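A short reminder: the numbers here are calculations on the coordinates, not readings from a lab. This structure is a prediction, so every number in the text was calculated from the model and none was measured. With ideal geometry, Cβ positions are generated from the backbone for all residues, glycine too; neighbour counts draw on all protein chains shown.
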Amino acid sequence: MRLPIIAGNWKMHMTKEVSLDYIKELRQNIEGTDVEVVICPPATLLGVLKEATRNSNIKIGAQNMHWEEQGAFTGEISPLMLKDLDIDYCIIGHSERRQYFGETNETVNKKIIAAIKHDIKPIVCVGESLEERNAGKTESLLKEQVTEALKGLKPEDVKNIVIAYEPIWAIGTGETATPEIANSTIEYIRVIIKELFGDIISEEIRIQYGGSVKPNNIEELMKQSDIDGALVGGASLKAESFSKIVNF
Ligand code: PEP
């Protein structure tokens, strides 16, 4: 049995006071949940929220990190710095990072290796654009993204990774992949993992769906055999809607 994991990606939103009120409300709303819950705030709030969520069932994740431990990389945050704050997860290779900040499968791979070395669990984002889907390239694109992202990793490392399948055409657009499309694509990702790392890891690895997940579509998505949770953007910005998603 794979433990469902629902993560909120706040992107470049939220300030201190508002986020502390949010966490207070979320803690009350999701007490006793069986789902693993992760909040990924902007870097400025990582330390504050890590403290505010101590002794709770909420984990904290970063939205990005560099692969080096330190150095002349102005504006970047290292895995050592995240570990210093006791951060649990890090989103790696989000499509917005690939699109606007030049991330490639190669940098994604370096970041995953660095995260694992520092005991930070990566949430690795993969997914196709609308043009790629319409051109019938979804499977080959995913195969390339997953294979390159996980290059050089050992099976025991891969089982601690979470993959987020996020079709770019469904992110922030209000257009959700149907539960069937999301599930069959995630099944295909599991086949890739099986080819690369074997049966057991492909059954153990958790794969989320992301793309316009809302309180009114989470239940159908979570009924699918291969969807182990969600990476939620817009609907994670209010504690009320994110709690409803967690409590699907
Ligand atoms: C995301 O940014 O990872 C995401 C899925 O966003 P949204 O839920 O807003 O589509």
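If we scan region 145-166, do we find a residue that is in contact with a His (Cβ under 6 Å, 6 or more places away or on another chain), part of a strand (DSSP E or B) and within 15 Å of the ligand (Cβ to nearest atom)?
No, region 145-166 contains no residue that is in contact with a His (Cβ under 6 Å, 6 or more places away or on another chain), part of a strand (DSSP E or B) and within 15 Å of the ligand (Cβ to nearest atom).
Looking at this structure, is I193 in contact with a Ser or Thr (Cβ under 7 Å, 6 or more places away or on another chain) and of a type in the set (V, I, T)?
Yes.
Hey, among G102, G127, which residue is of a type in the set (G, A, S) and either under 16 Å from V146 (Cα atoms) or surrounded by 19 or more Cβ atoms within 10 Å (Cβ to Cβ) (or both)?
Just one listed residue meets the conditions, G127.
Can you pull out the residues in region 192-248 that are assigned to a helix (DSSP H, G or I), buried (at least 22 other Cβ atoms within 10 Å of the Cβ) and of a type in the set (S, T, N, Q)?
S236
Would you check if there is a residue in region 184-199 being under 30 Å from L26 (Cα atoms) and within 13 Å of the ligand (Cβ to nearest atom)?
Within region 184-199, none of the residues are under 30 Å from L26 (Cα atoms) and within 13 Å of the ligand (Cβ to nearest atom).
Could you please give the count of residues in region 52-70 that are more than 25 Å from R98 (Cβ to Cβ) and either of a type in the set (S, T, Y) or in a loop (DSSP other than H, G, I, E, B) (or both)?
Of region 52-70, the ones more than 25 Å from R98 (Cβ to Cβ) are 52-58.
Then drop every residue that is not either of a type in the set (S, T, Y) or in a loop (DSSP other than H, G, I, E, B) (or both), which leaves 53-57.
Within region 52-70, residues that are more than 25 Å from R98 (Cβ to Cβ) and either of a type in the set (S, T, Y) or in a loop (DSSP other than H, G, I, E, B) (or both) number 5.
Of these, L45, L49, L80, which one is on the phi < 0 side of the Ramachandran plot, touching a His at 6+ places or on another chain (Cβ under 7 Å) and not in a loop (DSSP other than H, G, I, E, B)?
So the residue among L45, L49, L80 that is on the phi < 0 side of the Ramachandran plot, touching a His at 6+ places or on another chain (Cβ under 7 Å) and not in a loop (DSSP other than H, G, I, E, B) is L80.
How many of the residues in region 1-22 are more than 11 Å from F242 (Cβ to Cβ), in a helix (DSSP H, G or I) and either within 16 Å of the chain's Cα centre (by Cα) or not acidic (D, E) (or both)?
4
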